[in-house]
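The values are calculated or read from the model by the stated rules, or taken from the named source; none is laboratory data. Computed from a prediction, not measured in an experiment: that's the story for all the values here. A quick note on method: Cβ atoms are made from the backbone with ideal geometry, for glycine too, and the neighbour counts reach across all protein chains shown. To get the accessible areas, we keep the full protein, side chains included, count just its heavy atoms, and leave off ligands, DNA and RNA. Shrake-Rupley method; radii C 1.70, N 1.55, O 1.52, S 1.80 Å.
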Amino acid sequence: MDIIYQEILKSKSENKKLLAILLDPDKLTLDTIPFLVQKINQSPATHLFVGGSSFEGTNLNEIILKIKLETTLPIILFPGNPSQISNDANGILFLMLLSGRNPDYLIEHQIEAVPILEKTNLEIISTGYILIESGSTTAVERVSKTIPLPRNNSDYVAQTAKAGELIGNKIIYLEAGSGAQKAVPLEMIQRVAQKITIPLIVGGGIRTKKEIEDAYKFGADIVVIGTAFENNPNFFSSEI
């Protein structure tokens, strides 16, 4: 049963904005998890995303179990490849890199993930992932060997998002990339939000509370904060 997704749809219908904190397992230690998750519990976060473009460790299950001990928020995998799948999470964004033309990220990794996913109880949320040019080369760009879509062509990005919806994606994720210099343009968020009927996630390069509110105002249903929280766990209690 699609409990997480149905709650996201309900929030969208009620214009209730959601906030996800992205934790990169490569940057986590078991010792620091209780402190970080305590800060997340004190924040407006509604979801926890776990994942990154790559993961060199072997203790993903242990990391997620440790997080689960500290919070009741739904934990959703945001995997860069099939090795980042854990049955201990609540759900997974099953990503299709719509902005790239590398077949590995359009379908091959998804095929490889099937036998792993069939052994889990994860809620699988089909997600059209669109990488937007952000002023610097991001980890997603390097790992996927794809070029992001230009930030000055909102019409093409909106068409891409709509194609993702028509293919059957349940969510569209507009991403500037981890540590991006520039966030996704607000006009682009607005254009995509007007074009699609499914929920819209926006992340990458968002560094202030005002930028979160602006993304909501222009049509984001879920905003993702990663690097800003990594750099300052007191992000949500500060004045910025």
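Here are the numbers for the structure shown:
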{"read-out": "Restricting the range 81-159 to GluC sites (Glu not before Pro) in coil, as DSSP defines it, with at most 13 other Cβ within 10 Å", "value": "E118"}
{"read-out": "Cβ-Cβ FRET estimate between E213 and T58, R0 fixed at 35 Å, reported to 0.05", "value": "0.35"}
{"read-out": "D (Stokes-Einstein, µm²/s), Kirkwood Cα radius, the chain, 1.002 mPa s at 20 °C", "value": "121"}
{"read-out": "Over the range 126-224: Kirkwood hydrodynamic radius from C-alpha pairwise inverse distances, Å", "value": "13.1"}
{"read-out": "Span per principal axis, largest first, for the Cα atoms of the range 1-112 (Å)", "value": "41, 38, 24"}
{"read-out": "Structure-based [θ]222 nm, the chain - -39500 (n - 2.57) summed over DSSP H runs of at least 4, per residue, nearest 500", "value": "-10000 deg cm²/dmol"}
{"read-out": "Counted charge near S154, where neighbours are those whose Cβ lies closer than 13 Å (Asp, Glu -1; Lys, Arg +1)", "value": "+1"}
{"read-out": "Counting all C-alpha pairs of the range 110-159, share separated by more than 19 Å (%)", "value": "48"}
{"read-out": "Where S86, S54, S237 fall by accessible area, highest first, once all protein chains stay in place (1.4 Å)", "value": "S237, S54, S86"}
{"read-out": "Carbon plus sulfur fraction of accessible area for the chain, probe 1.4 Å, in percent", "value": "52"}
{"read-out": "Distance from the range 1-69 to the range 83-127 (C-alpha centre basis), Å", "value": "17"}
{"read-out": "Hits among lysines - C-alpha to C-alpha of K195 under 20 Å, sequence gap 8 or more where chains match", "value": "K10, K12, K16, K17, K162, K170, K217"}
{"read-out": "Net charge, I172 excluded, C-beta distance under 13 Å - Lys, Arg +1, Asp, Glu -1", "value": "+2"}
{"read-out": "Per residue solvent-accessible surface (Å²) - the range 151-193, probe of 1.4 Å", "value": "42"}
{"read-out": "Sum of side-chain charges, I33 neighbourhood, beta-carbon under 12 Å (Lys, Arg +1; Asp, Glu -1)", "value": "+1"}
